[in-house]
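The values are calculated or read from the model by the stated rules, or taken from the named source; none is laboratory data. Fair warning: this is a prediction, and the values are worked out from it, not measured in the lab. Cβ: placed from backbone, ideal geometry, glycine included. Neighbour counts: every protein chain shown.
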C-alpha cells in the first residue's frame, strides 16, 4: 500500500509542477499596434494616464508614457495627440430611424463632418438656399438639423 501512496504523491507532485512550467516564450509583453500619447486622456474614473496602448483594436494598457512606451515594437504606430483629447467611445444606444425620411426635407445646418456649416453666414445662406429649393408656401416653417 505504501508503494501506491508514494506513486500517487509522485503523480500529484508532477501535475502540480507541470502547472509551473513556462510556455517557452521570452517573457516580453506582446507589442502594441498603436500607442496614443497626450495630456488630455479621459478615462472616466479618477486615474490620470498619459498614454494608451492598443492591440487588435482593444485597449491593452494605460498608464504613464514611460510604462506604455515599453510596448513599442518595430511595427507600432505612435500618435502624439498634442492638444487633442482622447475620450472613451460613446455608443448611442438608440436611434431615431423614423426621422430619416422626414430629415430628407430638412436643411443640413450641421457643422463638419456632418454638414458644411462653418460660420453664421454659411448657415444663413444654406437656409436661404433650402427655402428657395423647397419652394415653401407662405407661413411654412423651414426646418434644419
Any residue at all in segment 78-91 that's out of contact with any strand residue (DSSP E or B) (no Cβ under 7 Å at 6 or more places or on another chain) and outside any loop (DSSP other than H, G, I, E, B)? no
Keeping to segment 60-77, report how many residues are surrounded by 14 or more Cβ atoms within 10 Å (Cβ to Cβ) and free of Cβ contacts under 8 Å to residues at least 40 places away in the same chain. 7
Condition test on residue 63, is it at positive phi and more than 14 Å from the chain's Cα centre (by Cα)? yes
Condition broken by residue 66, with the remaining ones in (1) under 23 Å from residue 30 (Cβ atoms); (2) out of contact with any strand residue (DSSP E or B) (no Cβ under 6 Å at 6 or more places or on another chain); (3) not in a helix (DSSP H, G or I) satisfied: (3)
With respect to residue 72, is the statement that it is over 16 Å from the mean Cα position of the chain (by Cα), at pLDDT 85 or above, more than 30 Å from residue 129 (Cβ to Cβ) and part of a loop (DSSP other than H, G, I, E, B) true? yes
